[in-house]
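Student: The structure's right below; bear with me while I get my questions together.
The values are calculated or read from the model by the stated rules, or taken from the named source; none is laboratory data. Model, not experiment: these values are computed from the prediction. We place every Cβ from the backbone using ideal geometry, glycine too, and count neighbours over all the protein chains shown. Side chains are part of the model used for accessible areas, which takes the heavy atoms of the whole protein and leaves out ligands, DNA and RNA. Shrake-Rupley method; radii C 1.70, N 1.55, O 1.52, S 1.80 Å.
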2 protein chains.
Amino acid sequence: MLNQTADLDRVFQALGDPGRRVMVERLSLGPLSVSELARPMAMSLAAVVQHVQVLEACGLVRSQKTGRIRTCSINPGVLQSAEEWISERRTQWERRLDRLGDFLTETAGNPTEENQ
Amino acid sequence: MLNQTADLDRVFQALGDPGRRVMVERLSLGPLSVSELARPMAMSLAAVVQHVQVLEACGLVRSQKTGRIRTCSINPGVLQSAEEWISERRTQWERRLDRLGDFLTETAGNPTEENQ
């Protein structure tokens, strides 16, 4: 899920805002209505709605309207895609370190002819 | 490492650009000089330098100048901090689902008096 570059751009850009991260943090504890989401935030309801729209546009959050209440919930698959992108880079770096370690151990164990 | 909100803001904002993600991807395979980093990129050297500065400012990349060559390498600790922020949110969400599952199993196993 979410392999396209443009999607990852939007997910990381969305997470680059502290207010949106607080929203993701609260929604990871359970679904909330937009007004519940807005209650502890030091911003207008309009600003909260805008942030929710950014989170929905990148897929991190889904919302559903029942009557007059819009309820938001987290989309864990999109969170996972972003996490995987980072963890793959970290794993690549660690593998490189392991190969470097193996090479150094091997070199120390098998001195070249010039050194013998 | 990297617990401050402003730092995470900058890390996620830095990862929100596809060109910078390509640079992080290539640097996770090993250190590169700025000109090696620039070679396959469809952008000017000046643009690459600017992206490197953004990556350095948020701590994702470190660079060192030896003579006239500036070599860039990844900072895995900062990658890990961003990964941990996301994985903690995902874990919270999964724990909530588990609790919900336990509650439903319990409720199904112990019908209330009204239902007996």
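Student: Among the numbered criteria (1) more than 13 Å from chain B (Cβ to nearest Cβ); (2) at pLDDT below 95, which single criterion is violated by residue A:50?
Tutor: Condition (2) is where residue A:50 drops out.
Student: Scan region A:8-16 and tell me whether some residue there is more than 9 Å from chain B (Cβ to nearest Cβ), buried (at least 16 other Cβ atoms within 10 Å of the Cβ) and not in a strand (DSSP E or B).
Tutor: No; the residues of region A:8-16 include none that is more than 9 Å from chain B (Cβ to nearest Cβ), buried (at least 16 other Cβ atoms within 10 Å of the Cβ) and not in a strand (DSSP E or B).
Student: If you don't mind, another one. In this structure, does residue A:99 turn out to be of a type in the set (D, E, K, R) and over 30 Å from residue B:31 (Cα atoms)?
Tutor: Spelling it out, it is not the case that residue A:99 is of a type in the set (D, E, K, R) and over 30 Å from residue B:31 (Cα atoms).
Student: Got a number for residues in region A:59-81 being open to solvent by 90 Å² or more (accessible area, probe 1.4 Å) and in a loop (DSSP other than H, G, I, E, B)?
Tutor: Residues that pass the stated criteria total 1.
Student: Given the structure, is residue B:96 basic (Lys, Arg) and assigned to a helix (DSSP H, G or I)?
Tutor: When the stated conditions are applied, residue B:96 passes them.
Student: Quick one: would you say residue B:21 is out of contact with any Asp or Glu (no Cβ under 6 Å at 6 or more places or on another chain) and at the interface with chain A (Cβ under 10 Å from one of its Cβ atoms)?
Tutor: For residue B:21, the condition - out of contact with any Asp or Glu (no Cβ under 6 Å at 6 or more places or on another chain) and at the interface with chain A (Cβ under 10 Å from one of its Cβ atoms) - is met.
Student: Looking at region A:88-114 only, could you name the residues that are of a type outside the set (Lys, Arg) and surrounded by 16 or more Cβ atoms within 10 Å (Cβ to Cβ)?
Tutor: Passing the criteria: A:92, A:93.
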